[in-house]
Amino acid sequence: MSHTTTTTSVHSPVQQHPARRSFRPWWRWLLIALAFPVAGEIGHLVAGRVESVSAAVLGGVVTGAGIGTAQWALLRRRGVSARWIPATAAGLGVGLAVGAALVSYRTDISSLAVMGAVSGLGVGVAQGALLGNTKRMLGWSAITAALWAIGWSITTAGGISVDQQFVVFGAYGAISSTFLQSMIIGSFIPAKAVQS
């Protein structure tokens, strides 16, 4: 009489959950808010008021380089290359020149919101081109445009003397826009997602 012993292996399957989008702030990203007024002041000192195409381009390039450097200092740990710096500088130079001319260099809140959206779109397209795929580029471009419009609107509503035709919004707008961006940045630039 033979007994056949059947051995049943029990494997506990590893459950794979789809990656969830987290809207928790990336708190270190809020340090970027400090770069906006500093880089903006340097751009303003170098180029003067944003009242001509040449001033907008020069101020935008200088300010964009400062903001881009601060952003890259954090993003390089996520695999973003140093090309982020010249991309941000070029994006702001072009975006600000187009946006400021589009509103005839006016400084009322609606004009600055439009200028901010166009400036942010320039920055977003230039940065987004480094993110690896079209979907990320389009999303990053649209969100950056919206955040820059919000930044200018909040700065203007906060009573800052925007009639001095600054290159970029100040601390109020920077804190607000970087906080909002900190909640979505992981969806666009996850750790090590972008090759240097």
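Listed here are the residues, each with its yes/no results for (1) among the charged types (D, E, K, R); (2) under 18 Å from Ser104 (Cα atoms); (3) at pLDDT 95 or above.
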residue: Phe36; (1), (2), (3): no, no, yes
residue: Gly40; (1), (2), (3): no, no, yes
residue: Val46; (1), (2), (3): no, no, yes
residue: Arg49; (1), (2), (3): yes, yes, yes
residue: Val53; (1), (2), (3): no, yes, yes
residue: Leu58; (1), (2), (3): no, yes, yes
residue: Gly68; (1), (2), (3): no, no, yes
residue: Arg78; (1), (2), (3): yes, no, no
- Item | Checking Val103 against (1) within 17 Å of Asp163 (Cβ to Cβ); (2) of a type outside the set (D, E, K, R); (3) surrounded by fewer than 24 Cβ atoms within 10 Å (Cβ to Cβ); (4) touching a residue at least 24 places away in the same chain (Cβ under 8 Å), the condition it does not meet | (4)
- Message: For the structure I just gave you, tell me whether Gly116 is closer than 22 Å to Ala55 by Cα, surrounded by 20 or more Cβ atoms within 10 Å (Cβ to Cβ) and touching a residue at least 40 places away in the same chain (Cβ under 8 Å).
- Response: yes
- Query: Based on what the data block shows, is Ala73 assigned to a helix (DSSP H, G or I), surrounded by fewer than 22 Cβ atoms within 10 Å (Cβ to Cβ), without any contact (Cβ under 8 Å) to a residue 12 or more places away in the chain and within 16 Å of the chain's Cα centre (by Cα)?
  - Reply: yes
- Task: Report yes if some residue within segment 79-89 is of a type in the set (Lys, Arg) and closer than 14 Å to Val162 by Cβ; otherwise report no.
- Result: no
- Mind checking whether some residue in segment 91-111 is modelled with pLDDT of 95 or more, closer than 22 Å to Ile189 by Cβ, within 12 Å of the chain's Cα centre (by Cα) and part of a helix (DSSP H, G or I)? yes
- Query: Before we move on, is Leu131 part of a helix (DSSP H, G or I) and of a type in the set (A, V, I, L, M)?
  - Reply: no
- Message: If the requirement is being over 12 Å from the mean Cα position of the chain (by Cα), in a helix (DSSP H, G or I) and not hydroxyl-bearing (Ser, Thr, Tyr), which of these qualifies: Trp152, Trp140, Trp148?
- Response: Trp152
- Task: Determine the pairs where a residue that is buried (at least 22 other Cβ atoms within 10 Å of the Cβ), located within segment 128-157, has a partner that is assigned to a helix (DSSP H, G or I) and among the charged types (D, E, K, R) with Cβ atoms under 8 Å apart, the partner being 6 or more residues away or on another chain.
- Result: Gly128/Arg136
- Would you check which residues across segment 158-195 are in contact (Cβ under 8 Å) with a residue 24 or more places away in the chain, farther than 21 Å from Gly66 by Cβ and either not hydrophobic (A, V, I, L, M, F, W, C) or not in a loop (DSSP other than H, G, I, E, B) (or both) and list them? Asp163, Gly186, Ser187, Phe188, Pro190, Lys192, Gln195
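The values are calculated or read from the model by the stated rules, or taken from the named source; none is laboratory data. Keep in mind it's a predicted model, so treat the numbers as computed, not measured. Cβ atoms come from the backbone with ideal geometry, glycine included; neighbour counts cover every protein chain shown.
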